[in-house]
Amino acid sequence: MPITPRYRRFRVESAEPYGWVVYLAGRRRTHFFGSQSLALLCAKLWAKASAPSRLDVVDLAGQTTAHWVYPAPN
């Protein structure tokens, strides 16, 4: 049976009309960005540097609209 890797879960959530919130699930600290592109750029860099990780983009309805997975370095 394959072992499922444990991922750090990063989220980029819409805070319309104000901007976007980025955070690591399970942590209290959040980061706020005025634009989605800047929030995604920072979240992708953070998730990649913290691999193995998964990054989810979530809309106001709570639906995941996009995701990226960063595997552990070999």
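Could you check, for segment 24-43, whether at least one of its residues is among the basic types (Lys, Arg) and touching a residue at least 40 places away in the same chain (Cβ under 8 Å)?
no
Output the residues belonging to segment 1-23 that are touching a residue at least 24 places away in the same chain (Cβ under 8 Å) and not hydroxyl-bearing (Ser, Thr, Tyr).
Pro5, Arg6, Arg8, Arg9, Phe10, Arg11, Val12, Glu13, Glu16, Val22
Are any of the residues in segment 16-25 of a type outside the set (Val, Ile, Thr), surrounded by 10 or more Cβ atoms within 10 Å (Cβ to Cβ) and assigned to a helix (DSSP H, G or I)?
No.
In segment 28-48, which residues are part of a helix (DSSP H, G or I) and either within 12 Å of the chain's Cα centre (by Cα) or surrounded by 14 or more Cβ atoms within 10 Å (Cβ to Cβ) (or both)?
Across segment 28-48, the qualifying residues are Gln36, Ala39, Leu40, Leu41, Cys42, Ala43, Lys44, Leu45, Trp46, Ala47, Lys48.
Within the bounds of segment 3-15, is there any residue that is loosely packed, with under 10 Cβ neighbours inside 10 Å, in a loop (DSSP other than H, G, I, E, B), among the hydrophobic types (A, V, I, L, M, F, W, C) and over 12 Å from the mean Cα position of the chain (by Cα)?
The answer is yes; a qualifying residue exists.
Which numbered condition in (1) touching a Lys or Arg at 6+ places or on another chain (Cβ under 6 Å); (2) part of a helix (DSSP H, G or I) is the only one that Val69 fails?
The one condition Val69 does not meet is (2).
Where a number appears in this text, it was derived from the coordinates with a stated rule and is not lab data. As the structure is a computational prediction, the values presented were derived from the model and not from experiment. Cβ: placed from backbone, ideal geometry, glycine included. Neighbour counts: every protein chain shown.
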